Amino acid sequence: MPDRLQPLFFLFLPLLAFACLYYFLPQLPFFSSPWEEVLPSLPYVLGALIAILGWHFNSGRSLLAGSLVLITYIGIQQSAGSDSLLYQLSLLVLIPANLAVIAWYHERGLVSPVALLRLAVIGLQLLAIILLIEHQPQQLRQWLYLQPQYLPALPLPLMVMASLALSFTALLVRLMIHTERFNAYLLLSAIICCTLIVQPLSSRELSLIISLALALWLFGLFRHSHSLAYLDDLTGLPGRRALNEHLMRLGRQHCLAMLDVDHFKKFNDTYGHDIGDQVLKLVAAKLGKVRMGKAYRYGGEEFCVVFSGRSLQQTLEPLEEIRQAIEDARLHLRSDQRPKDNEQGKKQRGTNNKPVQGQSVSVTISIGVAEQQAKANTLKAADKALYKAKDSGRNKVCH
């Protein structure tokens, strides 16, 4: 799927489910009495699960987002017995604005000072709103309804609409820059929460829809746990564990290719490990597009490609295409170590082990491929073919 369409893919199904629930839930029959009594507690149960999993996987941003969805649920319920309009307007400012801020946070886990400060800030905002509504409602109303006289009447106060516009713009921009499921879920949570605040439903429907929003974050945490177990953190390709499970599912006809970056240790010694990591990412990005095969990071500078249901002859062309694509690719270097003064800059000039701004480098790979044979280890055969490629000059495909 093209990168520019990924945000739509992440948003479409959850938005469709939310829209269906929102419009059709009031028409559905009630559950039996015990289930109806459990429904109001369901968001709290899901919120507790998010807290437990967020703690286990050290995902502070997911915990913050889930907390804001739960605060929306509590706030809407609280507004039924108080100044509902002030609660609604305050939540419309608080919830999407904080979700937008979370979108631009870097993950800091849960027990770091930064993570605890972020949680405390949300708590203080909520406490301030409650105190203002209870003790200074007139002053809060004046601030929320602050509006120049020359502007026409708006559906919502200007301050609230400005906050919503800024928040949703920040969420959309972040999603377009980083087309990640996490950012899509933040935008979805903002849409769901704001819709429920503006047009609240009955307690029954509110519990179910808030539970849907919290279930999204549970799903996101489970995906995160899957990524930790099966995806290589540096390259984004599936790792060794995922490869082993794929090998166990292979049928009788398949081919395996082992790939190695040529002279990678020398490259690391020359340019440093940061540039070496960039090379591995470049190679992985090319391998991720291999025709008819599935690429995995085997370890270090080694990769493996699985061709399920393919013969040896069918794999040679796509492997040659990948080899050529990596040979033709250029990695433009950017120096991470800027000199603090002119004297240090003079000392760095002319050294061979520092990246030079604007310099480009390239790498090649050697590939060994083997077809499944009776009573033979295909992976070992591919590894043997890889050494054959190295011994015969590198930057080639051997079988």
extent check for the chain: Cα max minus min per principal axis, descending, whole Å, gives 82, 67, 40
In degrees, nearest ten, helix 181-198 long axis to first principal axis of the chain (Cα): 10
Toward the positive end of the charge dipole of the chain, about the Cα centre and with charges on Cβ (Lys, Arg +1; Asp, Glu -1), which of ILE192, SER41, TYR87 goes farthest? ILE192
Provide, as a two-decimal number, the C-alpha radius of gyration of region 58-159 over 2.2 N^0.38 Å, N being how many residues it has. 1.21
Percentage of interatomic Cα-Cα distances in region 161-248 larger than 20 Å: 54
Enter the accessible area per residue of the chain (Å², integer; probe 1.4 Å; all protein chains in place). 55
In nm², what is the average projected area of the convex hull enclosing the Cα atoms of region 217-325? 7.9
Toward the positive end of the charge dipole of the chain, about the Cα centre and with charges on Cβ (Lys, Arg +1; Asp, Glu -1), which of SER227, LEU201, LEU237 goes farthest? LEU237
With charges only on Cβ, +1 for K and R and -1 for D and E, what is the dipole size of region 236-312 about its Cα centre, in debye, rounded to 20? 500
Taking the Cα centre as origin and putting +1 on Lys and Arg beta-carbons and -1 on Asp and Glu beta-carbons, what dipole magnitude results for the chain, to the nearest 20 debye? 1260
Phi to ³J(HN,Hα) by Karplus 6.51 cos²θ - 1.76 cosθ + 1.60 over region 102-114, Hz, x for Gly, Pro: 4, 4, 9, 6, 8, 5, 10, x, 10, 9, 7, x, 5
Surface share of carbon and sulfur [accessible, 1.4 angstrom probe, percent] for the chain: 59
Throw me the Rg/Rh for region 36-94, computed over C-alpha atoms with Kirkwood Rh, two decimals. 1.06
Relative to the longest principal axis of the C-alpha atoms of the chain, give the angle of the C-alpha long axis of helix 6-24, reported between 0 and 90° and rounded to the nearest 10°. 30
Rank TRP143, TRP217, TRP55 by mean-square fluctuation in a GNM of the chain with C-alpha springs under 10 angstrom and give only the top-ranked residue. TRP143
With respect to the cross-link table entries LYS294/LYS375; LYS265/LYS396; LYS266/LYS294; LYS265/LYS384; LYS281/LYS388; LYS294/LYS384, which display a Cα-Cα separation exceeding 22 Å? LYS294/LYS375; LYS266/LYS294; LYS281/LYS388
Nearest-ten-degree value, helix 240-249 long axis tilted from longest Cα axis of the chain: 80
Could you point to the residue in HIS178, ALA213, LEU158 farthest towards the positive end of region 113-225's charge dipole, with +1 and -1 charges on the Cβ of Lys/Arg and Asp/Glu respectively? HIS178
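The values are calculated or read from the model by the stated rules, or taken from the named source; none is laboratory data. Remember, it's a predicted structure, so these values are computed and weren't measured experimentally. Every residue, glycine as well, gets a Cβ built from its backbone with ideal geometry; the counts of neighbours run over all protein chains shown. Accessible surface is based on the protein model in full, side chains and every heavy atom, while ligands, DNA and RNA are left aside. Shrake-Rupley method; radii C 1.70, N 1.55, O 1.52, S 1.80 Å.
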